[in-house]
Amino acid sequence: MIDIDGGGSVRIVTIERPARRNALTVDALESLEAAVAESEAPVIALRGAGPAFCAGADLETVADLDRDGAEEFARLGQRVARTIEESSAVVVAEIDGPARGGGLELALACDVRVGTPDSTYGEPGVTFGLFGAWGGTVRLPRIVGEGDALEFACSGRVVDAEEALRMGLISRLEDDPRTVTEEIAPNAADALPVLKRRLRDDRDRETQERLEADAFGDLIVSHAADLDAVLD
């Protein structure tokens, strides 16, 4: 259900369940977590097979959950999203078609979100008495702001790619989102995880600036020859 391809600088991770719009079961979530956690590539591209990116949690799975099972399932989704967010790789969500519920939440955990003109976005759970519980209530307001997050989540409405770009749900709109992955992948493999860690850091400014300077010093040493080549 999770296909892994690519080598070198990019690992391609594809959710392979097109008949169900790539809805995620427990097994699929665990496989996705492993695909990200075990990657040694500096860039990961997350894709959906067929005409959808990901419909989120498999509703047949959700319908069978009791109270404890529901909390366990939410914790699993949170853990997978956190694995994506904390990966040393720069993770690019290449979104084509619908991204719904948990699928959108996993995209929010990615470092870069690129949508095609055919991509659409929604948190429809509220329309049948649920909401996204894979870290979406934490990440959504941080990414788009509290006002847009509240209106978007509480209405359950679907937004198109243009509105998603305006809100900040996606950072680029491209006919082929692979072009953005291809822009990132050639960059220095040791600099990308450092830059990701620094941009992701939410500690106090003094700590962030100290770590930023320390990381810059290390990279100056390891890339002295590259700098000389630029100056020649």
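Only the coordinates and a few stated rules stand behind these numbers; no lab work does. Just so we're clear, the structure is a prediction, and the values are computed from it rather than from any experiment. Neighbour counts are summed over all protein chains in view; Cβ atoms, including those assigned to glycine, are modelled from backbone coordinates with ideal geometry.
Brief remarks follow.
- Three-way shape call for the range 156-232 based on the alpha-carbon gyration tensor, with the a/c threshold at 1.5: oblate
- Ranking Ile170, Ile4, Ala229 by Cα position along the charge dipole of the chain, where only Lys, Arg, Asp and Glu carry charges on their C-beta atoms, puts Ile170 farthest toward the positive end.
- Debye-sum result for the range 1-75 in log10 I(q)/I(0), which assumes one identical scatterer on each alpha carbon, at q = 0.15, 0.25, 0.26, 0.27 Å⁻¹: -0.54, -1.10, -1.14, -1.18
- Beta bridges per DSSP with both ends in the chain, % antiparallel, nearest 5: 25
- Sorted into 10 angstrom bins from 0, the C-alpha pair distances of the range 77-137 split as 24, 50, 24, 2 percent.
- Evaluated with a Cβ-only charge set (Lys, Arg +1; Asp, Glu -1), the range 141-207 carries a dipole of roughly 340 debye about its Cα centre, given to the nearest 20.
- Three-way shape call for the range 47-157 based on the alpha-carbon gyration tensor, with the a/c threshold at 1.5: rounded
- Lys, Arg +1 and Asp, Glu -1 on Cβ, resulting dipole of the chain about Cα centre, debye, nearest 20: 460
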